[in-house]
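K.L.:
Before we start, here is the structure in question, set down as structure tokens.
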Amino acid sequence: MNTPVAQRRPQTEALATIRSGLGHADPRHIENQGPDPGGRPRDIYLSDKVNPGEYLREQGLTHLRASTYDVVDGKLCVAYLRRKGGSMQFEHLRVADFDAIITYEIHDEYGNIDYQIEGLTRDGRNFKVTISSEDFEDNNKLRIRLGAAAGANSSVNPRAAKYLGEAIKHLTYDYGVVQKLTRLNRTGWHAGHFVIPGLETPGLETVLPPMLPHKVEGNIPLKDAREALDALIHAKPLEATLPALSAFLGAPMLSPADLQNESYGVFIQGETGTFKTTWMQNAMSIFGRDLVHDKYLIKWSDATANAMQALASHVRDLPFFVDNFKPNTGTRSAGMVELIHRMSEGSEKQRLDRNARLRNPQPIQGTLFVTGEDLPQSEPSTLARMLVLNFTHSDKQSESEALRRAQASQKHLCGIGHRLLSWLQSEAGQAELAKQADLFYERRRNFSQAIRQLNLEVANPDRLASNLALNQTTYEVLCQHPDFGDLFSRQRETYITGLAGIMHRQIKATREALPANIFVDALRELIASTEKVIIDRNLEVPPGLADRVIGYHDGKGGAYLLPDKTFRAIEQLRGKEALGEISDQALYAQLARLGYLASTDPTRTTRRIRVNGYQVRVLHVTQATFIGLSPDD
């Protein structure tokens with residue numbers, strides 16, 4: 001049996017002495033250790049001595065080797081001295097019906113240590129157990145784990161169970177070669193190497209949950225891998241696929257380029273039948289051919305936000321895909337908003353363990369991809385952390401044919417993943433990353449200026465500029481890849497056009513999602529439809545109109561709005577979540593920044609006016625709030 005256990009020497013010199021009878025051929029007087037509780041002479045276990053060799057020398061047994069443990073007939077044993085007829089003889093006590101040593105000392109990145117134990121039962125069956133170093137020192141836990149692994153025909157002797165851990169370490173020291181291994185439960189960068197199944201690094205390995213079958217393959221012919229990638233690029237409009245693949249293949253670039261803090265997500269929006277899920281499943285095959293199967297698809301309606309965050313923590317420096325987001329299913333928009341923020345900020349929520357102690361939050365450093373028909377209803381800061389791509393219905397025969405080719409050649413895409421990650425680890429790849437990373441900040445300034453020139457009302461223009469600049473940076477890195485860079489560089493003009501289109505759509509989306517703009521748009525709709533009215537504050541409220549009054553004309557085209565009545569009217573029109581969780585003061589600050597507030601009190605955003613003899617607090621808005629509506633309107 002070709003295992004470290006089976007290759008070990010069959011016995012030590014001490015046990016050979018036992019069998020030969022030399023241990024009692026010349027009996028020596030041994031100190032009486034005192035009777036045990038049953039009145040019998042106490043056996044002397046060398047394993048209980050601090051220094052067994054010194055003890056043997058003191059007793060004149062220098063011809064015996066101070067061995068305390070060994071394997072006899074396939075069984076782990078502890079050696080001891082027994083008094084028989086006035087002399088001491090070596091005997092052995094069965095510890096377990098198997099032989100075992102530690103073969104690996106496994107470290108994780110948080111300082112925890114596991115032991116991998118390989119064993120051989122007396123009936124010749126191999127077994128393997130991984131146990132934490134702390135549990136190894138617990139006799140009961142070690143006995144249970146090894147007894148279960150060894151099977152029904154092998155057991156641990158309860159009389160000698162306390163010797164089990166020491167026996168394994170003793171035999172490991174005598175006969176084993178313990179290998180050191182760093183094992184991660186995630187993908188991603190570690191000490192200059194990218195860790196993922198299929199990209200082996202000596203002394204490093206990763207073990208992922210079954211739901212995440214990520215694996216790249218280095219034996220895929222380059223021609224097949226290029227054809228599969230080219231088909232994926234052309235399976236949908238290039239204006240969408242090129243930015244999508246730049247973010248997708250750019251996920252492993254962010255950490256070594258020191259741009260992880262600039263990370264963003266991608267939302268692929270499209271109606272049912274636009275093949276957005278099919279395209280993404282094929283793209284995921286770049287980092288694992290099995291990821292194309294539906295059983296590994298993470299669907300929004302099938303998992304909680306906490307579960308998705310936990311899975312995402314295992315997929316570091318790679319894309320993480322959530323399919324079919326719907327704002328009225330799963331954890332609704334709030335769950336998606338939290339997931340977007342957690343992944344862009346790089347860690348999960350702070351939590352307590354079972355002992356009410358603060359746990360270290362797991363890093364979440366991947367690139368989030370989401371498909372769906374509707375965007376999450378949230379404040380613009382969430383949308384600003386995403387690039388929104390549109391997949392539309394297409395009658396183009398070329399796209400349909402390319403999608404079919406992409407599906408047929410999907411199994412070759414993991415060769416692209418292997419070549420990408422191998423190159424990023426190389427000196428050439430690292431040099432290109434550093435070069436393009438230095439240009440990121442100039443690109444961000446250029447995009448920021450362009451966004452501000454197009455629309456001053458956009459929320460978080462610098463964040464949107466950062467997303468666009470980072471996408472362009474990773475695209476330029478891809479263009480320099482020696483094996484497939486030309487597939488991207490030849491489409492640079494189309495890519496720039498697509499990125500500009502994304503910028504315009506994103507400006508519009510974030511502008512519409514800004515709570516101040518939602519407030520103004522809803523207010524205009526309420527007034528234009530006459531569902532709510534604004535009247536002269538010097539006139540009595542006409543009969544039957546009281547419930548419809550939400551403010552008073554200021555005589556300059558603006559109005560004094562009654563805040564509570566106005567907010568209730570907007571909630572009735574647009575829903576309770578229309579303005580998100582923004583506070584009144586934050587909303588007023590947005591209105592002021594956009595030029596919709598006409599006047600305020602010195603210390604408050606609202607102000608007091610007199611209406612029908614009463615002092616009331618109002619929100620004074622400008623004429624622009626109503627697009628120039630006059631009091632008569």
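K.L.:
Quick check, is Pro363 in contact with a Ser or Thr (Cβ under 6 Å, 6 or more places away or on another chain), farther than 25 Å from Ala516 by Cα, open to solvent by 10 Å² or more (accessible area, probe 1.4 Å) and modelled with pLDDT of 80 or more? Spell out how you get there, then give the answer.
P.N.:
Numbers: in contact with a Ser or Thr (Cβ under 6 Å, 6 or more places away or on another chain): yes; farther than 25 Å from Ala516 by Cα: yes; open to solvent by 10 Å² or more (accessible area, probe 1.4 Å): yes; modelled with pLDDT of 80 or more: yes.
Yes, satisfied.
K.L.:
For segment 546-585, name all the residues that are of a type in the set (Gly, Ala, Ser) and touching a strand residue (DSSP E or B) at 6+ places or on another chain (Cβ under 8 Å).
P.N.:
First, the residues of segment 546-585 that are of a type in the set (Gly, Ala, Ser): 546, 551, 555, 557-559, 569, 575, 578, 580, 583.
Residues satisfying the conditions are Gly551, Gly558, Ala559, Ala569.
K.L.:
Another question, then. On the basis of being in contact (Cβ under 8 Å) with a residue 24 or more places away in the chain and among the charged types (D, E, K, R), does Asp135 make the cut?
P.N.:
no
K.L.:
Within segment 466-480, which residues are open to solvent by less than 10 Å² (accessible area, probe 1.4 Å) and either modelled with pLDDT under 95 or not β-branched (Val, Ile, Thr) (or both)?
P.N.:
Ser466, Asn467, Leu468, Ala469, Leu470, Asn471, Tyr475, Leu478
K.L.:
Another question about this same structure. Within segment 479-502, is there a residue that is more than 28 Å from Trp423 (Cβ to Cβ) and either of a type outside the set (A, V, I, L, M, F, W, C) or touching a residue at least 24 places away in the same chain (Cβ under 8 Å) (or both)?
P.N.:
Yes, segment 479-502 contains a residue that is more than 28 Å from Trp423 (Cβ to Cβ) and either of a type outside the set (A, V, I, L, M, F, W, C) or touching a residue at least 24 places away in the same chain (Cβ under 8 Å) (or both).
K.L.:
Restricted to segment 80-115, and to residues that are at pLDDT 80 or above and hydroxyl-bearing (Ser, Thr, Tyr), which residue is farthest from Tyr163 (Cα to Cα)? Spell out the reasoning first.
P.N.:
First, pick out the residues of segment 80-115 that are at pLDDT 80 or above: 92-115.
If we keep only those that are hydroxyl-bearing (Ser, Thr, Tyr) too, we end up with 103-104, 110, 115.
Values: Thr103: 19, Tyr104: 21, Tyr110: 30, Tyr115: 17 Å.
Per the stated criteria, the residue is Tyr110.
K.L.:
Is one or more of the residues making up segment 116-125 open to solvent by less than 30 Å² (accessible area, probe 1.4 Å) and modelled with pLDDT under 90?
P.N.:
Yes: one or more hits.
So that you can scan it fast, the table gives a plain yes or no per residue for (1) out of contact with any Asp or Glu (no Cβ under 8 Å at 6 or more places or on another chain); (2) touching a residue at least 24 places away in the same chain (Cβ under 8 Å); (3) of a type outside the set (A, V, I, L, M, F, W, C):
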site	(1), (2), (3)
Leu383	yes, yes, no
Ser394	yes, yes, yes
Gln397	yes, no, yes
Ser400	yes, no, yes
Arg405	no, yes, yes
Leu413	yes, yes, no
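K.L.:
For residues that are among the hydrophobic types (A, V, I, L, M, F, W, C) and closer than 19 Å to Asp290 by Cβ, scanning just segment 408-429, find the one that is most open to solvent (accessible area, probe 1.4 Å).
P.N.:
Ala408
K.L.:
Have a look at Arg444, Arg463, Arg492, Arg419 and point out the one that is under 26 Å from the mean Cα position of the chain (by Cα), at pLDDT 95 or above and not aliphatic (A, V, I, L, M).
P.N.:
From the options Arg444, Arg463, Arg492, Arg419, the qualifying one is Arg419.
K.L.:
Go through (1) in contact with a strand residue (DSSP E or B) (Cβ under 9 Å, 6 or more places away or on another chain); (2) part of a helix (DSSP H, G or I); (3) not acidic (Asp, Glu) for Thr371 and report which single condition fails.
P.N.:
Answer for Thr371: the failing condition is (2).
K.L.:
Further, regarding this structure: Answer yes or no as to whether Ala384 is modelled with pLDDT under 85 and open to solvent by less than 10 Å² (accessible area, probe 1.4 Å).
P.N.:
Answer is yes for this residue.
K.L.:
Oh, and also: Could you tell me whether Gly595 is at positive phi, open to solvent by 20 Å² or more (accessible area, probe 1.4 Å) and at pLDDT below 85? Quick ask: steps written out before the conclusion?
P.N.:
Values: at positive phi: yes; open to solvent by 20 Å² or more (accessible area, probe 1.4 Å): yes; at pLDDT below 85: no.
When the stated conditions are applied, Gly595 does not pass them.
K.L.:
Within the set of pairs 6+ apart or on separate chains, which have a first residue in segment 202-230 that is of a type in the set (Gly, Ala, Ser), a second that is modelled with pLDDT of 95 or more and in a loop (DSSP other than H, G, I, E, B), and C-beta atoms under 6 Å apart?
P.N.:
So the pair list comes out as Ala228/Ser409; Ala228/Leu413.
K.L.:
Let me ask something additional. Return the residues of segment 580-592 that are in contact (Cβ under 8 Å) with a residue 40 or more places away in the chain and open to solvent by less than 30 Å² (accessible area, probe 1.4 Å); say none if nothing qualifies.
P.N.:
Passing the criteria: Leu587, Leu591.
K.L.:
Criterion first (open to solvent by less than 20 Å² (accessible area, probe 1.4 Å), part of a helix (DSSP H, G or I) and under 27 Å from Ser381 (Cβ atoms)) does Leu619 satisfy it?
P.N.:
In short, no.
K.L.:
Does Phe325 satisfy the condition of being at pLDDT 90 or above, surrounded by 23 or more Cβ atoms within 10 Å (Cβ to Cβ) and farther than 28 Å from Gln425 by Cα?
P.N.:
So Phe325 passes the test.
K.L.:
Those residues that are part of a helix (DSSP H, G or I) and in contact with a Gly (Cβ under 9 Å, 6 or more places away or on another chain), I need them from segment 261-305; list them, please.
P.N.:
Asn261, Lys276, Ser285, Ile286, Phe287, Tyr296, Trp300, Ser301, Asp302, Ala305, listed by residue number.
K.L.:
While we're looking at this one, here's another question. Would you confirm, using the coordinates I've provided, whether Gly147 is surrounded by fewer than 15 Cβ atoms within 10 Å (Cβ to Cβ) and either over 30 Å from Pro202 (Cβ atoms) or not aliphatic (A, V, I, L, M) (or both)?
P.N.:
no
K.L.:
To continue, here is another question. Among Thr172, Thr182, which is the only one that is β-branched (Val, Ile, Thr), more than 30 Å from Gly192 (Cα to Cα) and in contact (Cβ under 8 Å) with a residue 40 or more places away in the chain? Can you show your working first?
P.N.:
Values: Thr182 fails: more than 30 Å from Gly192 (Cα to Cα).
Result: Thr172 is the single residue among Thr172, Thr182 that is β-branched (Val, Ile, Thr), more than 30 Å from Gly192 (Cα to Cα) and in contact (Cβ under 8 Å) with a residue 40 or more places away in the chain.
K.L.:
How many of the residues in segment 260-275 are open to solvent by 20 Å² or more (accessible area, probe 1.4 Å) and not hydroxyl-bearing (Ser, Thr, Tyr)?
P.N.:
7
K.L.:
Going by what's in this entry, would Arg492 be described as closer than 30 Å to Leu587 by Cβ and among the basic types (Lys, Arg)?
P.N.:
No, not satisfied.
The values are calculated or read from the model by the stated rules, or taken from the named source; none is laboratory data. This is a predicted model, so every value here is computed, not measured. FYI the Cβ positions are ideal-geometry reconstructions off the backbone, even for glycines, and counts take in every protein chain you see. Accessible surface areas use protein heavy atoms only, side chains included; no ligands, DNA or RNA. Shrake-Rupley method; radii C 1.70, N 1.55, O 1.52, S 1.80 Å.
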